[in-house]
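Okay, structure first, notes after.
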């Protein structure tokens, strides 16, 4: 598990495909609007049937989780100044929760991934596309 920080701010959490700890591990603090956890249980474990209660929540920033199913993806991280800081490469089985800051992607190998983020979708108001002031090497 890697916490990605830029200027002291938590921007992402990466869970590698090999992560496998017993029990339940939450990687996010309770105040984040997207929660990410690993759950490993032995066969026969019962998780009680349940529903989730209606709860009004205020979301200040869209957060998204990407589940890499096949291929390789380079994730480029940018500071609020839109300057490239560093990159990470994700492969099949890896998961990343993008929490804050700027990010961009390059598909390095044919890719299939699943994205999960809050809704409802705000269309063009959902994000600001920018031209990086400094690009990742090789771009």
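The values are calculated or read from the model by the stated rules, or taken from the named source; none is laboratory data. Bear in mind that the values here come from a model prediction, so they are computed numbers and not experimental data. Neighbour counts are summed over all protein chains in view; Cβ atoms, including those assigned to glycine, are modelled from backbone coordinates with ideal geometry.
Conditions (1) surrounded by 12 or more Cβ atoms within 10 Å (Cβ to Cβ); (2) farther than 17 Å from residue 103 by Cβ, marked per residue:
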{"site": "6", "(1), (2)": "yes, no"}
{"site": "9", "(1), (2)": "yes, no"}
{"site": "12", "(1), (2)": "yes, no"}
{"site": "18", "(1), (2)": "no, yes"}
{"site": "24", "(1), (2)": "no, yes"}
{"site": "39", "(1), (2)": "yes, yes"}
{"site": "42", "(1), (2)": "no, yes"}
{"site": "46", "(1), (2)": "no, yes"}
Q.
Any residue in the range 119-139 that is assigned to a helix (DSSP H, G or I) sitting within a Cβ distance under 7 Å of a residue that is surrounded by 10 or more Cβ atoms within 10 Å (Cβ to Cβ)? List the pairs, counting only those 6 or more apart or interchain.
A. 126/62
Q) Among the residues of the range 71-78, is there at least one that is loosely packed, with under 13 Cβ neighbours inside 10 Å and either more than 17 Å from residue 16 (Cβ to Cβ) or within 15 Å of the chain's Cα centre (by Cα) (or both)? A) no
Q.
Under 7 Å between Cβ atoms, which residue pairs at least 6 apart in sequence (or on different chains) link something in the range 47-60 that is on the phi < 0 side of the Ramachandran plot and assigned to a loop (DSSP other than H, G, I, E, B) with a partner that is exposed (fewer than 10 other Cβ atoms within 10 Å of the Cβ) and at pLDDT 95 or above?
A. none
Q.
Can you tell me which condition residue 44 does not meet? The list is (1) over 14 Å from the mean Cα position of the chain (by Cα); (2) farther than 28 Å from residue 131 by Cβ; (3) in contact (Cβ under 8 Å) with a residue 60 or more places away in the chain, and all the others hold.
A. (3)
